């Protein structure tokens, strides 16, 4: 089984701000946060920091810990560390997924994506994390992206962007 978040899914949000996590994403989240006596339910870390972002990034607990480890390696007191701590650590939430595979979108998350009651969400897989957008914003930003919008030379294949990168697998 791949432990990456892949694909895009549109989910309705109910009147209590609950939304279902796509089943394929739940499997990855489960693998990244096995149940324990302290935390019997799978958790998700939602990062809502970054003023230019119109989405929230979501991580497994394991990958959020790896992200925190990268932040810890920045020099203490440096501007880079202060920004990373603020936008990736302080401006994040850890919540549990309920027995039906749903989460309640926290108010800070709703504010970040400009969610209003009745809106749909878009879940977009980006390998070790996924993004939650307000669907309308997602469609406006990503729905119009096609080959004409890319900076690829005419006839160039997107795989050529990867060059000779060794995935280390």
Just checking, which of 81, 72, 86 is in contact with a helix residue (DSSP H, G or I) (Cβ under 9 Å, 6 or more places away or on another chain), exposed (fewer than 14 other Cβ atoms within 10 Å of the Cβ) and more than 22 Å from residue 6 (Cα to Cα)?
72
Residue by residue through the range 52-69, note down the ones that are in contact (Cβ under 8 Å) with a residue 12 or more places away in the chain and within 12 Å of residue 89 (Cβ to Cβ).
59, 64, 67, 68
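Each row is one residue, and each column tells you yes or no for (1) closer than 24 Å to residue 50 by Cβ; (2) out of contact with any strand residue (DSSP E or B) (no Cβ under 7 Å at 6 or more places or on another chain); (3) assigned to a helix (DSSP H, G or I); (4) at pLDDT 95 or above.
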| position | (1), (2), (3), (4) |
| --- | --- |
| 74 | yes, yes, no, yes |
| 77 | yes, yes, no, yes |
| 95 | yes, no, no, yes |
| 121 | yes, no, no, yes |
| 131 | yes, no, no, yes |
| 141 | yes, yes, yes, no |
| 151 | yes, yes, no, no |
| 167 | no, yes, no, no |
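Yes/no matrix, rows are residues, columns are (1) under 22 Å from residue 112 (Cα atoms); (2) surrounded by fewer than 16 Cβ atoms within 10 Å (Cβ to Cβ); (3) out of contact with any strand residue (DSSP E or B) (no Cβ under 9 Å at 6 or more places or on another chain); (4) without any contact (Cβ under 8 Å) to a residue 12 or more places away in the chain:
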| site | (1), (2), (3), (4) |
| --- | --- |
| 5 | yes, no, no, no |
| 10 | yes, yes, no, no |
| 16 | yes, yes, no, no |
| 19 | yes, no, no, no |
| 36 | no, yes, yes, yes |
| 39 | no, yes, no, no |
| 42 | no, no, no, no |
| 46 | yes, no, no, no |
| 50 | yes, no, no, no |
Residues to consider are 38, 63, 33; find the one that is outside any strand (DSSP E or B), over 14 Å from the mean Cα position of the chain (by Cα) and closer than 26 Å to residue 121 by Cα.
33
List the number of the failed condition for residue 32; all other conditions in (1) in contact with a strand residue (DSSP E or B) (Cβ under 6 Å, 6 or more places away or on another chain); (2) surrounded by 14 or more Cβ atoms within 10 Å (Cβ to Cβ) hold.
(1)
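The values are calculated or read from the model by the stated rules, or taken from the named source; none is laboratory data. Since the structure is predicted, the reported quantities are computational estimates derived from the model, not experimental observations. Note that each Cβ is placed from the backbone with ideal geometry, even for glycine, and that neighbours are counted across all protein chains shown.
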